[in-house]
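One structure below.
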Amino acid sequence: MHTALLQSSGRPGDVAHNLRVLDDAARAAAANGAGLLAAPEMFLTGYAIGDDVPRLAEPADGESADAIAEIATRHGLAVAYGYPERDGETVYNSVQLISADGTRLANYRKTHLFGCFERDHFTPGDQPVVQAELAGLRVGLMICYDVEFPENVRAHALAGTDLLLVPTAQMHPFQFVAESLVPVRAFENQMYVAYVNRTGPEGEFEFVGLSTLAGPDGVARARAGRGEELVSADVDPAFLAASRENNPYLRDRRPGLYASLI
């Protein structure tokens, strides 16, 4: 499955503008043969929106979800996007995956909140593994800081995730996560990892770009620079199966030794 990563911060606070950016990216990705487009963490609203988080938060089946379902259907590809999710009086930092026919396939709430801004405005999710079937692949969802916890990604590996989508808001000076940690996570867990970042200054943050699609061999199939960019690469089930056959990490685990970790 050809997979596209939209590296963009859109326009913070302007949902209508960000939907247009997503529409344009979906059109370009589909024209390049992509079956999936992934956008960054909080792409719908912008990340550094401060006290506007409650005002801009929407339910998983809200108006913007309907608009993105229409984008997915019109361009014939699945779309994953980050957004602030409202559920009653509670707000989560979430990512939703919508299929090419407009069906809402999966919704994940960030389990590990990073920094004072996130802890002040969001409630952490409590479901570590969220997956959906897409084009013969088992796709898992995660957000930014979550991928930095090895237990999180290993849980996905044990649950059979083939492609892990990680919308992110990775900021300076932590660019080593995109450059080094993400390919290692893909290798040690024998999966593809799509890490799609924001870019440029936004409020008090400086996002570093470097969006990456890493394969189970630890090699980046696509890597963006520091600016606005749409990059893409293939997620190959046959290569993944062969890699899993040759790499013994998951077979050689000894879970009985690891009880002290929890």
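Some observations on this one:
- A quarter of the convex hull surface defined by the alpha-carbon atoms of region 24-164 gives 8.3 nm² as the mean projection.
- R0 of 35 Å, Cβ-Cβ distance ARG138-ARG226: FRET efficiency to nearest 0.05: 0.65
- For the chain, the direction-averaged projected area of the alpha-carbon convex hull comes to 13.0 nm².
- Computing FRET efficiency as 1/(1 + (r/R0)^6) for SER180 and ALA31, where r is the C-beta to C-beta distance and R0 is 30 Å, gives about 0.40.
- Kirkwood Rh and Cα Rg combined as Rg/Rh, region 219-262: 1.21
- Rounded accessible area of ARG109 (nearest 10 Å², 1.4 Å probe): 70 Å²
- Calculated accessible area for the chain comes out at 41 Å² per residue, all protein chains present (probe 1.4 Å; ligands, DNA, RNA ignored).
- On full extension, the segment bounded by HIS172 and GLU89 gains 26.7 nm, given 0.36 nm per residue less the C-alpha separation.
- Per-residue accessible area (protein heavy atoms, 1.4 Å probe) orders LEU213, LEU56 as LEU56, LEU213, starting from the largest.
- Part-to-part distance (alpha-carbon centres) for region 168-213 and region 26-60, which is given in Å: 16 Å
- Within the accessible area of the chain (1.4 Å probe), percent carbon and sulfur: 52 percent
- Trypsin sites (Lys or Arg not before Pro) restricted to region 214-250 and DSSP loop, no more than 16 other C-beta within 10 Å: ARG226
- If R0 equals 41 Å, the separation of the Cβ atoms of HIS17 and ASP217 corresponds to a calculated FRET efficiency of about 0.60.
- Placing +1 on the Cβ of every Lys and Arg and -1 on the Cβ of every Asp and Glu, with nothing else charged, gives region 56-160 a dipole about its Cα centre of roughly 340 debye.
- Heavy atoms of ASP234 accessible to a 1.4 Å probe, total area in Å² rounded to 10: 90 Å²
- Å³ per residue enclosed by the Cα convex hull of region 109-246: 103 Å³
The values are calculated or read from the model by the stated rules, or taken from the named source; none is laboratory data. Treat the numbers as computed from the prediction; the structure is a model and nothing was measured. Neighbour counts run over all protein chains shown; Cβ positions are idealised from the backbone, glycine included. What goes into the accessible areas is simple: the full protein's heavy atoms, side chains included, and nothing from ligands, DNA or RNA. Shrake-Rupley method; radii C 1.70, N 1.55, O 1.52, S 1.80 Å.
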